[in-house]
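Presented below is the structure to which this report refers.
The values are calculated or read from the model by the stated rules, or taken from the named source; none is laboratory data. Every value quoted in this text rests on a predicted model; they were computed, and no experiment measured them. When we count neighbours, we look across all protein chains shown, and the Cβ atoms used for this are built from the backbone with ideal geometry, even at glycine.
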Ligand SMILES: NC(=O)c1ccc[n+]([C@@H]2O[C@H](COP(=O)([O-])OP(=O)(O)OC[C@H]3O[C@@H](n4cnc5c(N)ncnc54)[C@H](OP(=O)(O)O)[C@@H]3O)[C@@H](O)[C@H]2O)c1
């Protein structure tokens, strides 16, 4: 199985690479900006690992990645669109500039990568795409509107793509993580409090969900599974959900969207 994972330099992407490396015959392609991180991981995993350092928001990145995969393997069985980021702030404070940069990495980048790799995925069918969205793509919280907008959009696009690619033998799975402690999303406010620590999961659990949503797998997985109740509550009890999120719950949960490594380094 040839599997490409974006955002493999940390968090959920790194855990997914480690998990996929244990699959028999797995040959990985690791993509992110921090090349040294990818090379260190590739060295640790051993075997046939292709490292591609790329900023996925660059215009030329998708074509360059597709050419490298075509040249090295001539096929692709699994594409995991995991790279993503979020920057906190109310719309009144951070405005459309924040919306634009968030949509660029969380929606445009995976869509452009799929566009470049779809011919190879179809030619390799049965194959799969797994898009890593978020429970925030079902329920919006104060302070992370741009992030939620990007993940709502990613989910809508993935649902359509699932139906469109089925006849071509390309399974499209969706994974919606809840709160997961990673570099970009440390969830510090939740982890620091005994009352909320239980809500925070691990990248390894999400990696298992990504495998579940991979080739021949599920159309949608929450990780951990109980987070689907938050999405359900938003649909069946919208008024109550808004009241909870607009009060103390929103204040706590609204602080959990992090920034990517480059942004953190700049601060
Ligand atoms: N952690 C959570 O609570 C949580 C919850 C729901 C959904 N998610 C989603 O899960 C995914 C992974 O997040 P994470 O928690 O593992 O965060 P993370 O540790 O910050 O990982 C993000 C990954 O994306 C890569 N990335 C970011 N911008 C990129 C760009 N422009 N080009 C290429 N790669 C880029 C980063 O690599 P480089 O910096 O090396 O480029 C990094 O490997 C994201 O889509 C996120 O929205 C996370």
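Taken over region 1-38, residues that are assigned to a loop (DSSP other than H, G, I, E, B) and either under 16 Å from the mean Cα position of the chain (by Cα) or over 27 Å from residue 123 (Cα atoms) (or both) amount to 6.
Scanning region 209-230 for residues that are touching a helix residue (DSSP H, G or I) at 6+ places or on another chain (Cβ under 7 Å) and buried (at least 17 other Cβ atoms within 10 Å of the Cβ) gives 210, 211, 221, 222, 223, 224, 227, 230. Among the residues of region 84-107, are any in contact with a strand residue (DSSP E or B) (Cβ under 8 Å, 6 or more places away or on another chain) and either over 11 Å from residue 144 (Cα atoms) or modelled with pLDDT of 95 or more (or both)? Yes: one or more hits. In region 189-202, the residue that is surrounded by the fewest Cβ atoms within 10 Å (Cβ to Cβ) out of those that are within 11 Å of the ligand (Cβ to nearest atom) and either touching a residue at least 24 places away in the same chain (Cβ under 8 Å) or under 16 Å from residue 7 (Cβ atoms) (or both) is 202. Residues in region 24-47 that are without any contact (Cβ under 8 Å) to a residue 24 or more places away in the chain, in contact with a strand residue (DSSP E or B) (Cβ under 8 Å, 6 or more places away or on another chain) and away from the ligand (no atom under 13 Å from the Cβ): 42 only.
Kindly check whether there is at least one residue in region 165-188 that is closer than 18 Å to residue 85 by Cα, more than 10 Å from the ligand (Cβ to nearest atom) and either touching a residue at least 24 places away in the same chain (Cβ under 8 Å) or under 12 Å from the mean Cα position of the chain (by Cα) (or both). The answer is yes; a qualifying residue exists. Could you tell me whether any residue of region 100-118 is over 20 Å from the mean Cα position of the chain (by Cα) and surrounded by fewer than 22 Cβ atoms within 10 Å (Cβ to Cβ)? Checking region 100-118: not a single residue is over 20 Å from the mean Cα position of the chain (by Cα) and surrounded by fewer than 22 Cβ atoms within 10 Å (Cβ to Cβ).
When residues in region 125-134 are screened for being surrounded by fewer than 21 Cβ atoms within 10 Å (Cβ to Cβ) and touching a residue at least 60 places away in the same chain (Cβ under 8 Å), 1 of them pass. So which residues in region 48-88 are surrounded by fewer than 17 Cβ atoms within 10 Å (Cβ to Cβ), more than 16 Å from the ligand (Cβ to nearest atom) and either in contact (Cβ under 8 Å) with a residue 24 or more places away in the chain or not in a helix (DSSP H, G or I) (or both), if there are any at all? Passing the criteria: 48, 70, 72, 74, 75.
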